[in-house]
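Data first, discussion second: the structure below is written as structure tokens.
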Amino acid sequence: MTPLQAIRSATSVAAANLGWQDRVGSIEKGKYADFIGVSGNPAQDVTELERVKFVMKGGQIVRDSLSLKARAIEACSGRS
């Protein structure tokens, strides 16, 4: 499988196999969605999914390493 095929297998294909394609598996209005953010392109390098920088679950940010890093840089530079 290509990285993109693997991602689709874990999301939209899995949702269809469970009969839940109307609720999950893709980013569409009215569907449940939790998001992750990575620095690279997981469609080219699926191992990017191992290096998560941002997580949103249930509409709440539960991890934001990018903002934490920016705040740390500001604090160290005296700009906080």
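The values are calculated or read from the model by the stated rules, or taken from the named source; none is laboratory data. Source: prediction; values computed, not measured. All Cβ positions, even for glycine, are placed from backbone atoms using ideal geometry, and neighbour counts span all protein chains on display.
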- Per the filter on the range 7-27, residues of a type outside the set (Phe, Trp, Tyr) and more than 15 Å from the chain's Cα centre (by Cα) are 9, 13, 14, 15, 16, 17, 18, 19, 21, 22, 23
- Query: Could you count how many residues in the range 15-48 are outside the structural domain of residue 2 (by TED's automatic domain parsing), in a helix (DSSP H, G or I) and surrounded by 12 or more Cβ atoms within 10 Å (Cβ to Cβ)?
  - Reply: 2
- Check off (1) farther than 27 Å from residue 6 by Cα; (2) at pLDDT 75 or above for residue 69 and give me the number that stays unchecked. (2)
